[in-house]
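This report refers to the structure that appears directly beneath it.
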Amino acid sequence: MKAVRYHEHGGTDVLELEEVDRPEPDAGEVRVEIAAAGINPVDTYFREGSYAPESLPWIPGSDFAGTVEAVGDDVTEFQPSDRVFGTGLGKDVPGTCAEYAVSPTDRIAILPEGTSFEVGAALGVPAVTAWRSLIDHADLEPAERCLVHGGSGGVGHAAVQIAAATGADVTTTASPEYHDRLESLGADATVDYARDDLEDAVVEAGSPDVILDHRLDDYLQFDADVAKQGTRVVGIGNTVPEAGFSNVPAARSKELRIHLISMFNTPDISAVLRRVAKLLSAGKLSAEIARTYDLEDVDSAHEDVLSESFFGKLVVTP
Ligand SMILES: NC(=O)c1ccc[n+]([C@@H]2O[C@H](COP(=O)([O-])OP(=O)(O)OC[C@H]3O[C@@H](n4cnc5c(N)ncnc54)[C@H](OP(=O)(O)O)[C@@H]3O)[C@@H](O)[C@H]2O)c1
């Protein structure tokens, strides 16, 4: 099969399109013919080596959607020809930028009829991260106010929809060109993150009970400033990998309840994906596909995911 691999850590030039053996599913695994693979910032961290994958050479990519093509010995819940989507590959098992990938069954779910493979592949890391942040960690309740920083990104646009689906009031920050689309996805208030009076604008919409923060080193002070006493803040990312927290006193005085999470620690990815599938079926969640790439162009997708502005997701279609 064709697969993108890297033999050493480095820039996008380490990515090579190669012919490799098709992987065989063990017990508890399925082999999926990949129709689409979502690209995430974390794919680039594994490639660069700031997060270490299991071994080298390595196939990048966490997220995927496609058709089950073979099942391992004791697999009863999935069968060949099932349409599935999944996430959590590319770290301890080879990734999804390939014609086929093998996934443990506890990292996949059935893709609802009517949902495209591209949309399924775009939702893995983003929707599971948003669910784990807002529902599992922050315990977001109906009618609470939820602030989603960076609503136009992969995680952000999934989080806006999931927060809205819980019945929360959603404020999100994004570039002005994306505000209309975010409102159509359920945001009640949209604010340009570049505004000088960002803090006033967010507070005017309502001090948040829950904050999803993808740039914690930039925004922890801001979070403390706009928060109520005891606001739950879920931190999923930093702009500077080694950044520490210089704003702890402000966070402490508001008694922020800070959760730092990693999607890869989700105990039962499949259970979250099944709930994501329910939202998809109910028309309460989708993914915006900003751009698709061929396998040959995964290097461009890795460049673009960190450097370009886009609404939603970048997806590879092998
Ligand atoms: N901990 C976890 O498990 C986990 C899981 C998923 C993601 N993450 C991390 O979360 C971050 C976001 O991931 P993603 O997949 O959503 O990335 P993405 O699709 O690239 O989105 C990033 C978003 O940030 C926005 N942004 C840029 N500058 C901003 C600013 N100053 N203030 C607010 N927003 C700003 C971008 O908007 P523009 O287009 O206007 O620049 C874009 O919408 C990454 O650092 C990723 O590594 C962590």
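Every number in this text was worked out from the coordinates using simple rules, so none of it is lab data. Predicted model only: the values in this text are computed from it and were never measured. Every residue, glycine as well, gets a Cβ built from its backbone with ideal geometry; the counts of neighbours run over all protein chains shown.
Some points to look at:
- In degrees, nearest ten, helix 269-281 long axis to first principal axis of the chain (Cα): 80 degrees
- Inter-probe distance in nm under a simple model that places probes 7 Å from Cα toward Cβ, at ARG257 and SER309: 3.6 nm
- Whether the stretch 1-139 is rounded, prolate or oblate, judged on the alpha carbon gyration tensor where a/c under 1.5 counts as rounded: oblate
- Placing unit charges on each Cβ (+1 for Lys and Arg, -1 for Asp and Glu) gives the stretch 1-120 a dipole about its Cα centre, and among ALA35, GLY114, VAL20 the Cα reaching farthest toward its positive end belongs to GLY114.
- Label point distance in nm, GLN79-ALA143, each placed 7 Å from Cα along Cα→Cβ: 4.7 nm
- The relative contact order of the chain comes to 20 percent, based on Cα pairs under 8 Å that sit 6 or more residues apart.
- Sequence-ordered 3J(HN,Hα) estimates for the stretch 99-106 from the Karplus curve with 6.51, -1.76 and 1.60 and θ = phi - 60° stand at 6, 9, 9, 9, 10, x, 5, 7 Hz, glycine and proline given as x.
- Along its three principal directions, the equivalent ellipsoid of the stretch 227-318 from the Cα gyration tensor extends over semi-axes of 32, 21, 13 Å, largest first.
- Diffusion coefficient, µm² s⁻¹, Stokes-Einstein with Kirkwood Rh over alpha-carbon pairs of the chain at 37 °C and 0.692 mPa s: 166 µm²/s
- Computed from the alpha carbon atoms alone, the convex hull of the stretch 126-263 holds 94 Å³ per residue.
- Those lysines that a straight Cα-Cα span of less than 27 Å connects to LYS284, excepting residues fewer than 8 apart in one chain: LYS313
- HIS157, HIS137 arranged by Cβ crowding within 10 Å, fewest neighbours leading: HIS137, HIS157
- Cross-link reach is defined here as a Cα-Cα straight distance under 18 Å, omitting same-chain residues fewer than 8 places apart; for LYS228 the lysines meeting it are LYS254.
- Cα long-axis angle, helix 154-165 against the chain (0 to 90 degrees, to the nearest 10): 60 degrees
- The angle between the Cα long axis of helix 216-226 and the longest principal axis of the Cα atoms of the chain comes to about 30 degrees, rounded to the nearest 10.
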